[in-house]
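The next block holds one structure in the form of structure tokens; read it before the comments.
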Amino acid sequence: MKATAKAHTNIALIKYWGKRNEQLILPTNSSLSLTLDGFYTTTTVDFQENLTEDMFTLNDTPETGEIFRRVTTFLDLVRRLAGKEQLYANVKSMNQVPTAAGLASSASGFAALAAASTKAIGLELTDAELSRLTRQGSGSSSRSIYGGFAQWEMGKEEDGSDSYAIPIAPQEHWDIRMAAVVLSSKMKKISSREGMRRTVETSPFYDGWLQSIPADLDGIKKAIQAKDFTRVGEIAEANCLKMHATSLGAKPPFTYWLDATVRVMHQVQEMREQGIPAYFTIDAGPNVKVLYLPEHEKAVEKILREIPGVTDVILSKPGPGVTYL
Ligand code: DP6
């Protein structure tokens, strides 16, 4: 009972920021992302009758701590769904995320784990069912089931049955690019989990964030269909700034930005003044992702690499959805 699956990471253009149910991972807003070609996880799940507990190795290193706990908790869901609660697995994951790229590997990680484990245990799920299950590993991973652009519908039901991602436009729809700008950082990390919890509970700006989501989603979907790069970039950049503004209003306040983060943001805005269309987005960390078009790749890369504090720039195209190997 063995299967291998590969899933790519995704970066949200309209952010998921806040949960209404922490256990089921149900969000307070719908979100929309671009799956990236450059970063992925390959996972093999082997369910074996003779095992008495799960085993998990990540990049050939056995894991026992918090990561292991999240993997087994997720496998419990898969076992329950299949009615095989006493069947344990040997799980091996390889993360193809360049070292210190500062890209969350949880999106590709849980999507690959969900795909491989359900296949190995003999479940046949639709993409929507797989996305709904994957969501319970890590919210953003629900979108990594699909290539190209995907939207995670927040849903309304308390049991989460209508909270899963749907495809918006496939990988081939549009050759838009994204650069991951890596910064050196020694800052203490506030996880996205902790950051969004504190913001939901304490930030007076949180309601404003929520109110702005429907128009952002509607606008960006139209712009994606029309391949209107300027519109996509403007909406994504503004959405990211609104998300980060909520954290400044939290108690105690916090920001994920470093001085170099702000330098990159200014440089991207300056590129636009020089006639290079480029826009940024930032997740729950200091690194910046820059959206641009293929014809500007050389210029964008050169400018980004010259910014003080930038340690690496990794370029990526739109990526595919989950595949089985
Ligand atoms: C800022 O999916 O990592 O990247 O559901 O708690 O595992 P959990 O959180 P996670 O949060 C991602 C937050 C974000 C925005 C986004 O990807 O939409």
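The values are calculated or read from the model by the stated rules, or taken from the named source; none is laboratory data. Bear in mind the structure is a predicted one, so any value in this text is a computation, not a measurement. Neighbour counts run over all protein chains shown; Cβ positions are idealised from the backbone, glycine included.
Look at the range 172-202 and say how many of its residues are crowded, with 21+ Cβ neighbours inside 10 Å and assigned to a helix (DSSP H, G or I).
Residues meeting the conditions: 3.
So is Met94 in a strand (DSSP E or B) and of a type outside the set (Asp, Glu) or not?
Yes.
Just give me the residues in the range 131-146 being small (Gly, Ala, Ser) and within 9 Å of the ligand (Cβ to nearest atom), in sequence order.
If the condition is that a residue be small (Gly, Ala, Ser) and within 9 Å of the ligand (Cβ to nearest atom), then Gly137, Ser138, Gly139, Ser140, Ser141, Ser142 are the ones that fit.
Filter the range 45-60 down to the residues that are in a strand (DSSP E or B) and at pLDDT 95 or above and list them by number.
Selection gives Val45, Asp46, Phe47, Gln48, Met55, Phe56, Thr57.
From Asp162, Asp207, grab the single residue that is touching a Lys or Arg at 6+ places or on another chain (Cβ under 9 Å), farther than 30 Å from Leu304 by Cβ and free of Cβ contacts under 8 Å to residues at least 12 places away in the same chain.
Working: Asp207 fails: touching a Lys or Arg at 6+ places or on another chain (Cβ under 9 Å).
Residue meeting the stated conditions: Asp162.
Got at least one residue in the range 238-250 being away from the ligand (no atom under 16 Å from the Cβ) and modelled with pLDDT of 95 or more?
yes
Step by step: first the residues of the range 1-39, then only those that are in contact with a Ser or Thr (Cβ under 9 Å, 6 or more places away or on another chain) and more than 16 Å from the ligand (Cβ to nearest atom), then the one that is nearest to Gly219 (Cα to Cα). Which residue is that?
Going through the qualifying residues, I end up with Asp37.
Just one of Ala128, Ala89, Ala107, Ala111 is assigned to a helix (DSSP H, G or I) and more than 16 Å from the ligand (Cβ to nearest atom); which is it?
Only one candidate passes the filter, namely Ala128.
What is the number of the single condition among (1) touching a Phe, Trp or Tyr at 6+ places or on another chain (Cβ under 7 Å); (2) of a type in the set (S, T, N, Q); (3) part of a loop (DSSP other than H, G, I, E, B) that Ser140 does not meet?
Ser140 satisfies all of (1) touching a Phe, Trp or Tyr at 6+ places or on another chain (Cβ under 7 Å); (2) of a type in the set (S, T, N, Q); (3) part of a loop (DSSP other than H, G, I, E, B) except (3).
For the range 44-66, indicate whether the set of residues that are within 19 Å of the chain's Cα centre (by Cα) and within 23 Å of Glu129 (Cα to Cα) is non-empty.
No - not one qualifying residue is present in the range 44-66.
Hey, among the residues in the range 40-70 that are within 19 Å of Tyr324 (Cβ to Cβ) and touching a Ser or Thr at 6+ places or on another chain (Cβ under 9 Å), which one's surrounded by the fewest Cβ atoms within 10 Å (Cβ to Cβ)?
Here the residue is Thr42.
Would you please name the residue that is surrounded by the most Cβ atoms within 10 Å (Cβ to Cβ), looking only at residues in the range 1-34 that are of a type in the set (Val, Ile, Thr) and assigned to a loop (DSSP other than H, G, I, E, B)?
Ile25
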